[in-house]
Structures are given as structure tokens and as C-alpha cells.
Amino acid sequence: MKRRKFILNTTLSIIAMSFSPLLKAASSSKKGKKITILHTNDTHSNIDPFPANHPKFPGMGGVAKRAALIEKIRKEEENVVLLDSGDIFQGTPYFNTFKGELEMKLMSYMAYDAATMGNHDFDIGLDGFLNAKQYAEFPFVCSNYDFDKTILTGKIQKNCIIKRGGIRIGIFGIGIALEGLISKDNCANVIYLDPIKTANEQADELKKAGCDLIICLSHLGYVYQDDQISDKVLAEKTKNIHLILGGHTHTFLPEPTIINNSENQPVMINQTGWGGINLGRIDIDLENRLFGSKLIEVK
């Protein structure tokens, strides 16, 4: 236990290094402020908790439990940001019945601040996604899918900026190549752009816009055995990104992974698994220049 605690504290100290310019600059003028980032990925239409007899996740998850947990944290913390890294759709009869409308309405009820698109969010085609999106009271950000020749043109943002506690938080999305994952009819005329090049462009744009904290909502996947671009590769080959909140590979990370970027600065990667059984939490304490991260079970 002592060894694990030492490793965790050391890891968090390393992570804090990537935020040190932000913490140093903000701490004097934003005394007492703390930013709490909550995040999910690959919830896959799991509205209800898993059954009590489920072999791995008995009674875990469910939107009602997640909403209660988020509400509790919002009552405890002043500056909360809630984000999702894609694959909101597909996996239960709720999706088959309501075609994504229920998921969007519930995420709006929980007051998500932004989300990106996963490959399964194309499962009812662009028209189906657009119909469901009308119930989303939050922006979708995705910068490496070019929708200009589709009905989603102007409907998906490349990035967005959120202000919390006097801090400007820049958020952009990066998605996985859709070829071979979904029907061509469901993503007709969507042009896939290089994720590394696009991420660097977006991070640079957000930095120039005065963002103190830059977050990539990724649906690339955590890591692969081949040369496919993953969150780890993205972190290594980009700059100006502080956090990569991932999805697609359903990876359970009990603590964040730290990767040095192209300028040898640490980047934090986190992912919460799948099915809505965990809620990721990242805290940045501006007064005390501290950083913390944990995976919270939804039960």
C-alpha cells in the first residue's frame, strides 16, 4: 500500500509539472479557485445500471447514479466542467428504440459542457445523428472530420472555449478513421483529416486565443500493437495539449498515463473504461498549486 501511494504521489507530481505554468500564472490572481474536470467515454446507451447478477459490474453505472454523483460534486465544487469522449450511442435497446434522442436529452439534463463523436455515433447515419443532436444543449467538437459536404456542415464545432474560475479552457475533438468501422453510407462525403496535424493546428489556435488549459477529447483509442495512431502517439507528436481524455478502446485507467510531447513537456492521458460505470475526475487547485486525479465508480 505504501509503495502504491508513493507511485501515485510521484505520478501526480509529474502530472502537475505540465500544469505548472498555468498554476503559477493563475494562483496569484485566482486565489482560492479550483477547477474540477469530470469526464466519461463510451457510455454506449447504458441508461440503466448493469444487472445485479452481472459477472463484472453488478449494479454499477446507470444515468441516475451518474447524475446524482455529478450533482453532489457540483454542490461541493464551484468550477466544474463535464465532458464526454464519444460513443454515446449503440449498445442497448434504448438506442434501438429512441435513436439517440434519449441519450442527448439525459446528457443535457446532466449539463454536459462538450462532447466529441465516436464511430458508433454514426450508426444511424448523419441524418439520424443530426435528428438526435437537436436535443443536445451542449456543443459537439470534432476537428478532423470535414463535414463541409454533408448535412452536418456548420453543426459540429472544431473547438470551443469554456471559462471557469477566470481560467480559459480550450477544448477540441479528434476522431478515429471511420473506414472499416461503419458503413460508408453512414459517413458519406465525410473527409478524414490527419489527426496529428489537425491536433497541432487546433492546440496552436487555442493557445493563441489565450486558453490557459487545452483539452483534447479523443476517440482514437489508448494504444495499439501496430502503428495506428492512438492517444499515446498523439501525445508524443503534438504540443500545447495538457489533457487527452480518450475513448474507443474501453480502457480502464486506475491512474493517468503521462507521455512527454514533442517539446518534452508532460501530457496527461485518461480514460474511464466503458458503459458509464466510472466517472473520471481531475482537480486543479490554483491557490495551492496542486493537481489530483481519480476514477470514481458509479454505484
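No lab work stands behind these numbers, since they all come straight from the coordinates. Owing to the predicted nature of the structure, the values given are computational and were not obtained by experimental measurement. Note that each Cβ is placed from the backbone with ideal geometry, even for glycine, and that neighbours are counted across all protein chains shown.
Listed values, structure above:
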item: Any pair with Cβ under 6 angstrom, 6 or more apart, that starts in the stretch 122-143 at a residue that is within 15 Å of S45 (Cβ to Cβ) and ends at one that is of a type in the set (D, E, K, R) and surrounded by fewer than 22 Cβ atoms within 10 Å (Cβ to Cβ); result: I124/K99; G128/K99; A132/E101; Y135/E101; Y135/K105
item: Count of residues meeting criterion [assigned to a loop (DSSP other than H, G, I, E, B), out of contact with any strand residue (DSSP E or B) (no Cβ under 6 Å at 6 or more places or on another chain) and crowded, with 16+ Cβ neighbours inside 10 Å] in the stretch 118-134; result: 2
item: Residue within the stretch 180-200 that is over 25 Å from T272 (Cβ atoms), in a loop (DSSP other than H, G, I, E, B) and aromatic (F, W, Y) present; result: no
item: Among (1) out of contact with any Lys or Arg (no Cβ under 6 Å at 6 or more places or on another chain); (2) in a loop (DSSP other than H, G, I, E, B); (3) crowded, with 21+ Cβ neighbours inside 10 Å - the single one Q225 does not satisfy; result: (3)
item: Tabulated pairs, the stretch 239-264, first among the small types (G, A, S), second assigned to a loop (DSSP other than H, G, I, E, B) and surrounded by fewer than 19 Cβ atoms within 10 Å (Cβ to Cβ), C-beta under 9 angstrom, 6+ apart or interchain; result: G246/L253; S262/K237; S262/K239
item: Top-ranked residue in the stretch 95-108 [being in contact (Cβ under 8 Å) with a residue 40 or more places away in the chain and surrounded by fewer than 21 Cβ atoms within 10 Å (Cβ to Cβ); ranked as farthest from K34 (Cα to Cα)]; result: L102
item: Given (1) buried (at least 24 other Cβ atoms within 10 Å of the Cβ); (2) assigned to a strand (DSSP E or B); (3) more than 13 Å from the chain's Cα centre (by Cα), index of the condition I259 fails; result: (1)
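One line per residue, one yes/no per condition, for (1) under 29 Å from V80 (Cβ atoms); (2) in contact with an Asp or Glu (Cβ under 8 Å, 6 or more places away or on another chain):
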site: I196; (1), (2): no, no
site: C211; (1), (2): yes, no
site: G221; (1), (2): yes, yes
site: I259; (1), (2): yes, yes
